[in-house]
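Scroll down for the structure; my scribbles are underneath it.
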Amino acid sequence: MKKRSIVPIIYILFLLLPIYWLVAMSFKTTNEILGGFSLFPQTFTLENYRVIFTDPTWYWGYINSISYVTLNTVISITVALPAAYAFSRYRFLGDKQLFFWLLTNRMAPAAVFALPFFQLYSAVGLFDTYLAVALAHCLFNIPLSVWILEGFMAGVPKELDETAYVDGYSFPRFFVTIFLPSIKAGVGVAAFFCFMFSWVELLLAKTLTAVAAKPIAAIMTKTASSAGYELGLLAAAGTLTIIPGAIVIYFVRNYIAKGFAMGRV
Amino acid sequence: MKTVNQKAWFFVLPVLLLVAFNALIPMMTVVNYSVQETFGNNLFLWEGLTWFEQLLTEERFYKALGRQFMFTGLILAIEVPLGIAIALSMPRQGIWVPVCLILMALPMLIPWNVVGAMWNIFTLPDIGLLGYFLNNVLGINYDMTQDPIAAWVTIITMDVWHWTSLVVLLAYAGLVSIPDAYYQAAKIDGASNWSVFRFIQLPKMKPVLTIAILLRFMDSFNIYTEPFVLTGGGPGNSTTLLSIDLVKRALGQFDLGPAAAMSLIYFAITLLVSWLFYTLMTKDDLN
């Protein structure tokens, strides 16, 4: 083992400690958690998980979250692809300004824009639907996707496009069968970022939903306050929120490792 | 070279419509609020620029703004160099690469309120792992609900824990894209580790670092959920960052007008600083 691998190891240990603590708590009873400090669960229990998997309010929270996150990722990538292509290949009126304006949309303090968002989505009749949250999260996911995809596309030589035209490919066919496969790592990375930011965002998701589309993270805060302070249950629910993310990283791990290397991002 | 093609606008149109729908309409509503006094649901009175004047002469606003700049400054000063250092010492190939990447990305995938809640319990003096260890094993008097400095240390540590990996991932991506030929050339020239870093690695990482720094600036400047769940802005007002103060006004006191005026000023500051960063970091590319 080389000496320099010490740094990542220490860093990863630092990252895993709080996560270990959360997972350990999820196997404890609330009384044990509040009773005092213990490094490992003394009375190991699966009761917290049983509650989550049998109570529809809980497990629907996960289904809701996964639904709008998936929808958002699909929408963001679909519209970002042609836009990123335009930015990477063509020069047009106001392109630079537009590119920076897109980026500025991450900067509005969500805390106060939450109320106008509520009014807007109520007015168009989308309140408490997956689509509402999926569309709202486009505000920050589309600009980032365009940015990432543009980086990857700029890395693909323009000769590829020209050769395809000479060979008689139509634009859509060229885009889908030749261009897209050559930037699929970039699509993977952009999809990962969309998933991540939509999965963890709560303020807008909570504001735009009431019952039918309520995200898991919002259910956690509600149930915790009405049933006293069920720390064990809260920890179990928190632990389960890590799992979909971990699965997504597992699938895109090669894109992250190798994929980034292709473009200039 | 890029070709001039005004029809490219059609490619950008869907993005433009979706983002504009989400950005412009809520923004108009906020502008509307910022110049009005609200009574109940339907009664609005024109107030002009009163809220802006009131806010800009208020000590409370400047204090929250000061705390916000201190927070973001510390975050950037810690996370960017740390992220680069970790990325430099990561393995370049082999089975450990995906393992490292997966483990490092984990904190970013935890919903923000869960992050706040888990750090809150993690640092409690009598039942949390970190709090218990610091107080009862090392004998340090550490309680973030009482001591403002402890609260600040906790908030900064939490953010470093949460987001350094973003810098690591992006910096690492920049590093692995450097062709081996550069390193070989540097070796032949007898370049020191420092000059390899300064003249090869750092310039090659610049585009990805630009994204990393901009993202970290914008997100830390707008941070709300995690510190709110962690400390609620306390003890006292010591960790009341700008966004927390804003929500206290908007929802706690229902001062929609002042809150809207404040968020517009907030937005303008974020925009200005981001634009400065962006221009400074990309100015070489434009020439």
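The values are calculated or read from the model by the stated rules, or taken from the named source; none is laboratory data. Since the model is a prediction, treat every value here as computed from it, not as a measurement. Glycine also receives a Cβ, built like all others from the backbone with ideal geometry; neighbour counts cover every protein chain displayed.
Is it fair to say B:Leu56 is among the hydrophobic types (A, V, I, L, M, F, W, C), surrounded by fewer than 17 Cβ atoms within 10 Å (Cβ to Cβ), under 26 Å from the mean Cα position of the chain (by Cα) and at pLDDT below 90? I'd like the intermediate steps shown before the answer.
Details: among the hydrophobic types (A, V, I, L, M, F, W, C): yes; surrounded by fewer than 17 Cβ atoms within 10 Å (Cβ to Cβ): yes; under 26 Å from the mean Cα position of the chain (by Cα): yes; at pLDDT below 90: yes.
For B:Leu56, the condition - among the hydrophobic types (A, V, I, L, M, F, W, C), surrounded by fewer than 17 Cβ atoms within 10 Å (Cβ to Cβ), under 26 Å from the mean Cα position of the chain (by Cα) and at pLDDT below 90 - is met.
Looking at B:Ala259, B:Ala185 in this structure, which one is under 19 Å from B:Phe52 (Cα atoms) and either away from every other protein chain (no Cβ under 11 Å) or part of a helix (DSSP H, G or I) (or both)? Please lay out each step first, then the result.
Values: B:Ala185 fails: under 19 Å from B:Phe52 (Cα atoms).
Only one candidate qualifies: B:Ala259.
Report yes if A:Val69 is at the interface with chain B (Cβ under 8 Å from one of its Cβ atoms), buried (at least 18 other Cβ atoms within 10 Å of the Cβ) and of a type in the set (A, V, I, L, M, F, W, C), otherwise no. Explain how you work it out, then say what you get.
Details: at the interface with chain B (Cβ under 8 Å from one of its Cβ atoms): no; buried (at least 18 other Cβ atoms within 10 Å of the Cβ): yes; of a type in the set (A, V, I, L, M, F, W, C): yes.
The answer is no for A:Val69.
Okay, residues lined up against (1) out of contact with any helix residue (DSSP H, G or I) (no Cβ under 6 Å at 6 or more places or on another chain); (2) of a type in the set (S, T, N, Q); (3) over 13 Å from A:Ile77 (Cβ atoms):
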{"position": "A:Gly168", "(1), (2), (3)": "yes, no, yes"}
{"position": "A:Arg173", "(1), (2), (3)": "yes, no, yes"}
{"position": "A:Gly188", "(1), (2), (3)": "no, no, no"}
{"position": "A:Ser198", "(1), (2), (3)": "no, yes, no"}
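If I go through region A:178-219 residue by residue, how many of them are crowded, with 21+ Cβ neighbours inside 10 Å and assigned to a loop (DSSP other than H, G, I, E, B)?
8
Can we say B:Tyr132 is assigned to a helix (DSSP H, G or I), facing chain A (nearest Cβ under 8 Å) and either surrounded by 13 or more Cβ atoms within 10 Å (Cβ to Cβ) or free of Cβ contacts under 8 Å to residues at least 60 places away in the same chain (or both)?
Taking the combined requirement at face value, the residue satisfies it.
Residues of region B:95-129 being among the small types (Gly, Ala, Ser) and not in a helix (DSSP H, G or I), which ones?
B:Gly128
On the basis of being out of contact with any helix residue (DSSP H, G or I) (no Cβ under 6 Å at 6 or more places or on another chain) and touching a residue at least 60 places away in the same chain (Cβ under 8 Å), does A:Thr45 make the cut?
Yes; evaluated as a whole, the condition is true for this residue.
Conditions tested, residue by residue: (1) surrounded by 20 or more Cβ atoms within 10 Å (Cβ to Cβ); (2) free of Cβ contacts under 8 Å to residues at least 24 places away in the same chain.
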| site | (1), (2) |
| --- | --- |
| B:Ile95 | no, yes |
| B:Val99 | no, yes |
| B:Pro107 | yes, no |
| B:Val114 | yes, yes |
| B:Thr123 | yes, no |
| B:Asp126 | no, yes |
| B:Val137 | no, yes |
| B:Ile149 | no, yes |
| B:Trp152 | no, no |
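Kindly provide the set of residues from region A:29-54 that are among the charged types (D, E, K, R) and at pLDDT below 85, ordered by number.
A:Glu32, A:Glu47
Which one is nearest to the other protein chains (Cβ to nearest Cβ) among residues in region B:152-172 that are closer than 18 Å to A:Ile12 by Cα and over 16 Å from the mean Cα position of the chain (by Cα)? Give the derivation first.
Taking region B:152-172 and keeping what is closer than 18 Å to A:Ile12 by Cα, we get B:156-172.
Pick out the ones that are also over 16 Å from the mean Cα position of the chain (by Cα) and you get B:171-172.
Values: B:Ala171: 10, B:Tyr172: 7 Å.
Only one residue fits best here, namely B:Tyr172.
Consider only pairs whose beta carbons are under 6 Å apart and that are at least six residues apart or on different chains; among these, list those whose first residue lies in region A:201-215 and is more than 14 Å from every other protein chain (Cβ to nearest Cβ) and whose second residue is of a type in the set (Val, Ile, Thr) and part of a loop (DSSP other than H, G, I, E, B).
What qualifies is A:Ala213/A:Thr129.
Which ones in region B:203-249 are small (Gly, Ala, Ser) and either crowded, with 23+ Cβ neighbours inside 10 Å or touching a residue at least 24 places away in the same chain (Cβ under 8 Å) (or both)?
Initially, region B:203-249 is screened for residues small (Gly, Ala, Ser), giving B:212, B:220, B:232-234, B:236, B:238, B:243.
Within region B:203-249, B:Ala212, B:Ser220, B:Gly234, B:Gly236, B:Ser238, B:Ser243 qualify.
Examine region A:127-141 for a residue that is more than 7 Å from chain B (Cβ to nearest Cβ), of a type in the set (D, E, K, R) and part of a helix (DSSP H, G or I), and state whether such a residue exists.
no
Can you tell me how many residues within region B:219-229 are assigned to a helix (DSSP H, G or I) and either closer than 15 Å to A:Leu203 by Cβ or modelled with pLDDT under 85 (or both)?
6
Name the residue that is nearest to B:Gln146 (Cα to Cα), counting only residues in region B:231-241 that are modelled with pLDDT under 85 and not polar (S, T, N, Q).
Once the filter is applied, the top-ranked residue is B:Pro235.
Output the residue which, of all residues in region A:86-105 that are touching a Ser or Thr at 6+ places or on another chain (Cβ under 9 Å) and of a type in the set (Lys, Arg), is nearest to the other protein chains (Cβ to nearest Cβ).
A:Arg91
What number of residues within region A:1-24 are surrounded by 19 or more Cβ atoms within 10 Å (Cβ to Cβ) and more than 7 Å from every other protein chain (Cβ to nearest Cβ)?
Counting residues in region A:1-24 that are surrounded by 19 or more Cβ atoms within 10 Å (Cβ to Cβ) and more than 7 Å from every other protein chain (Cβ to nearest Cβ) gives 0.
Surrounded by 16 or more Cβ atoms within 10 Å (Cβ to Cβ), more than 25 Å from the chain's Cα centre (by Cα) and either in contact (Cβ under 8 Å) with a residue 24 or more places away in the chain or assigned to a helix (DSSP H, G or I) (or both): is that true of A:Ile33 in this structure?
It is true that A:Ile33 is surrounded by 16 or more Cβ atoms within 10 Å (Cβ to Cβ), more than 25 Å from the chain's Cα centre (by Cα) and either in contact (Cβ under 8 Å) with a residue 24 or more places away in the chain or assigned to a helix (DSSP H, G or I) (or both).
May I ask you to list the residues in region A:130-177 that are surrounded by fewer than 18 Cβ atoms within 10 Å (Cβ to Cβ) and among the polar types (S, T, N, Q)?
A:Thr163, A:Ser170, A:Thr177
Any idea which of A:Val124, A:Val112, A:Val79, A:Val146 is among the aliphatic types (A, V, I, L, M) and over 30 Å from B:Ser220 (Cβ atoms)?
Step by step, each of A:Val124, A:Val112, A:Val79, A:Val146 is checked, and only A:Val124 is among the aliphatic types (A, V, I, L, M) and over 30 Å from B:Ser220 (Cβ atoms).
In region B:265-284, what count of residues is obtained for those that are more than 8 Å from chain A (Cβ to nearest Cβ) and crowded, with 20+ Cβ neighbours inside 10 Å?
Total meeting the criteria: 0.
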